[in-house]
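The values are calculated or read from the model by the stated rules, or taken from the named source; none is laboratory data. In this text the structure is predicted, and so the values were computed from the model without any measurement. Heads up, the Cβs are rebuilt from the backbone with ideal geometry, glycines too, and the neighbour counts pull from every protein chain shown.
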Amino acid sequence: MTMLRDLSVLWSLSHILILFMLLYRSRYPKKKTIILTAAFMGPLALLNVMGLVKYGMECMGQAFLLTCTLPSLLFFWFMSQDKKGPFFFTFCLADTVSYWIMVLTNLADFYFGGERYLLMFIGRLVLFPLVEWAAYRYLRKPYRELQESVTKSWGLFAVMTAIYYLLFAVMANFPVLITKRPQELPAFLLIMTLMPMTYATILVSMYHQLLLFRRKQSERMLREQKNTLEMRLENQQYIRKMKHDLKSYTATLSGLLAAGEIDGAKDYLQDMEQEMDSGWGQFCQNPYINATVAYYDRKLEELRVKRRIDIRTGEETLPHMEVCRILANGMENACDELGALEQGNREMSVHMQYNREHLLIRIRNRCQEGRYVDQRKLPETDKEGQGHGYGLHSIKEDVERLSGDMVCYTENGCFVLDVMIPCRSFMPSHRERSAFRADGF
């Protein structure tokens, strides 16, 4: 009958790995992760089973933290993409849930199975796949999203779950197995009852944080859509105005030509061209990028901002949706910041050009005195939504979608946003990239 016990332990250890791998984020590709995990955790599981056969359940239960938990913790910490709160919480979650199943089946076999290990084996054979199915079906997707989007509270929850795991392990095994301490069994059963309720409370709390993040993300998207619609509306109004003005321009030109005033007609055409350029703004040949920059240039003009805009792109194919959002969010943040400054301090510059294999974007503007932004993290937005912060998360998402990098920081009283996008993410061939460099980009 001890064979059923040993098989159930091996089954449990293997499914602890499966449950954890369903939830955590490895820094390696899936195939490499599976190979490395099998190479390290397979022998570790076999060693623990051999120790169980040689030293017995009570001895190995007391040494389990040292022989299995700590080695697997160090290994998966090395493998994990997350090195802080999310990893430790995920590890404690998978270990505690699995340990809970193991203890539950141990107690069921001791009190109802006559210690023949058959009930233990059947219970683990059913419960572990059931928990994994529930984790994959209902928990995995939102939990992965939580790890990517929620940055706060992980450390506190990780400490809570680690203490809970230690409490559970100590109560079950020290000074002897809980089955040899029947007077403490009611308290232990209460702890077992509280464990799933505690984890449910933690996960619900984190899910509310996820909903809050989604709401903020939706607000950012609505704000971007609002800005886009405002740009389109203003452009349409300007086009209507141009159509109306063209009638008077045509009448004047017809009169000059009818009177034989050729030189006067030429001068008038030049004046028309200058007026149209100053009203519309021609910053580059790409119509999408030009419309975005022109819209914010007019906003900067209303704020009386000293500005320099240098967009060195041609008619080549660009990911205009992402690039326009990057420019729009960056310039929108600059407008918000500059609007809070005195008029004499309102200065900014926008540069966009190619540099070998990358498209570079830099937006630089004066900021409030004393503002400091660390390159290693995005600045937070205050409650009123003024200053920097709202659009930076959207910029980061667009940059990552294009396999690029971004950094923002403050220097010499200015806020600087630098974006670097590899040309291979939107140019189909190296030949085309070479052609752009040959044209001076």
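Checking each residue in the stretch 20-45 for being among the hydrophobic types (A, V, I, L, M, F, W, C) and under 23 Å from the mean Cα position of the chain (by Cα) picks out 20, 21, 22, 23.
Checking each residue in the stretch 1-36 for being closer than 18 Å to residue 65 by Cα and among the β-branched types (Val, Ile, Thr) picks out 9, 16. Restricting attention to the stretch 111-126, the residues that are buried (at least 16 other Cβ atoms within 10 Å of the Cβ) and either more than 42 Å from the chain's Cα centre (by Cα) or at pLDDT below 90 (or both) add up to 3.
Restrict the check to the stretch 89-111 and report whether at least one residue is under 18 Å from residue 169 (Cα atoms), touching a Phe, Trp or Tyr at 6+ places or on another chain (Cβ under 9 Å) and small (Gly, Ala, Ser). Yes, the stretch 89-111 contains at least one residue that is under 18 Å from residue 169 (Cα atoms), touching a Phe, Trp or Tyr at 6+ places or on another chain (Cβ under 9 Å) and small (Gly, Ala, Ser). Would you point out which residue out of 156, 185 is at negative phi, hydrophobic (A, V, I, L, M, F, W, C) and surrounded by fewer than 13 Cβ atoms within 10 Å (Cβ to Cβ)? None of the other options fit; the residue is 156. Among the candidates 198, 228, the residue that is hydroxyl-bearing (Ser, Thr, Tyr), surrounded by 11 or more Cβ atoms within 10 Å (Cβ to Cβ), modelled with pLDDT of 80 or more and not assigned by TED's automatic domain parsing to the domain that holds residue 291 is uniquely 198. When residues in the stretch 70-110 are screened for being over 19 Å from residue 140 (Cβ atoms) and not hydrophobic (A, V, I, L, M, F, W, C), 8 of them pass. When the stretch 40-67 is filtered for residues that are closer than 20 Å to residue 4 by Cβ and of a type outside the set (A, V, I, L, M), the ones remaining, listed by number, are 48, 51, 54, 55, 56, 58, 59, 61, 64. Contact map, the stretch 155-176: first residue more than 19 Å from residue 59 (Cα to Cα), second residue small (Gly, Ala, Ser) and crowded, with 16+ Cβ neighbours inside 10 Å, Cβ cut-off under 9 Å, separation 6 or more or different chains; pairs are 155/85; 156/85; 157/85; 158/85; 159/85.
Matching residues to (1) modelled with pLDDT under 90; (2) within 27 Å of the chain's Cα centre (by Cα); (3) assigned to a helix (DSSP H, G or I); (4) of a type outside the set (Asp, Glu):
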{"residue": "307", "(1), (2), (3), (4)": "no, no, no, yes"}
{"residue": "310", "(1), (2), (3), (4)": "no, no, no, no"}
{"residue": "327", "(1), (2), (3), (4)": "no, yes, yes, yes"}
{"residue": "335", "(1), (2), (3), (4)": "no, yes, yes, yes"}
{"residue": "359", "(1), (2), (3), (4)": "no, yes, no, yes"}
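Within the stretch 12-30, the residues that satisfy the criterion of being more than 17 Å from residue 90 (Cβ to Cβ) and buried (at least 16 other Cβ atoms within 10 Å of the Cβ) are 12, 13. Checking each residue in the stretch 337-357 for being over 24 Å from residue 220 (Cα atoms) and assigned to a helix (DSSP H, G or I) picks out 343, 344, 345. Of all residues in the stretch 264-271, none satisfies being crowded, with 16+ Cβ neighbours inside 10 Å, assigned to a helix (DSSP H, G or I) and in contact (Cβ under 8 Å) with a residue 24 or more places away in the chain. What are the pairs, 6+ residues apart or on separate chains, where a residue within the stretch 209-232 that is under 21 Å from residue 335 (Cα atoms) has its Cβ under 8 Å from a residue that is at pLDDT 80 or above and of a type in the set (D, E, K, R)? Pairs found: 224/325; 227/332. Of all residue pairs spaced 6 or more apart or on separate chains, those with beta-carbon atoms under 9 Å, a first member in the stretch 346-372 that is free of Cβ contacts under 8 Å to residues at least 24 places away in the same chain and a second member that is surrounded by 15 or more Cβ atoms within 10 Å (Cβ to Cβ) are 355/420; 355/441. Just one of the listed residues (373, 293, 323) is in contact with a Pro (Cβ under 7 Å, 6 or more places away or on another chain) and closer than 30 Å to residue 219 by Cβ, and it is 373.
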